[in-house]
Amino acid sequence: MIKDAVVISIESPKPTQQTIDGISYGIIEQRYLIFPETSGVMVIPEAFITSSVRLNQAGAYQRTSIRISAPTASLGVLPIPKAYPTNK
């Protein structure tokens, strides 16, 4: 939830796979649109996901939980320009 903003998911979660340094990773991508409702500083809070990964421990596979996060971000939102039509 973002204060004074409307947040809309623009697509269903999209699962993909990516190989990095010979290791295959499952990825789920989710995209959103954010519409500020007021001008000023908009704070986007920390976003995080908790998941599990499979690790190879001496030939035996074991699952462990991980938490991945993106830091809080602040954006400056400008007011609606005076030249913008008021009926829009």
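The values are calculated or read from the model by the stated rules, or taken from the named source; none is laboratory data. Keep in mind the model is a prediction, meaning the values are calculated, not measured. Counting neighbours? That spans all protein chains shown, and the Cβs are built from the backbone with ideal geometry, glycine included. Areas reflect the complete protein model, heavy atoms only, side chains present, ligands, DNA and RNA absent. Shrake-Rupley method; radii C 1.70, N 1.55, O 1.52, S 1.80 Å.
Values as computed for the structure displayed
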| read-out | value |
| --- | --- |
| Test result for Ile44, at pLDDT 90 or above, within 13 Å of the chain's Cα centre (by Cα) and surrounded by 10 or more Cβ atoms within 10 Å (Cβ to Cβ) | yes |
| The range 56-72, subset in a strand (DSSP E or B) and open to solvent by less than 70 Å² (accessible area, probe 1.4 Å), residue farthest from Met42 (Cα to Cα) | Ala60 |
| Neighbours by Cβ (under 6 Å, 6+ apart or cross-chain): first from the range 26-38, closer than 8 Å to Ile8 by Cα; second assigned to a loop (DSSP other than H, G, I, E, B) | Leu33/Ile10 |
| Odd one out for Thr50, checked against (1) within 24 Å of Met1 (Cβ to Cβ); (2) of a type in the set (S, T, N, Q); (3) surrounded by 10 or more Cβ atoms within 10 Å (Cβ to Cβ) | (3) |
| Any hit, the range 10-24, residues being closer than 30 Å to Ile80 by Cβ and touching a Ser or Thr at 6+ places or on another chain (Cβ under 7 Å) | no |
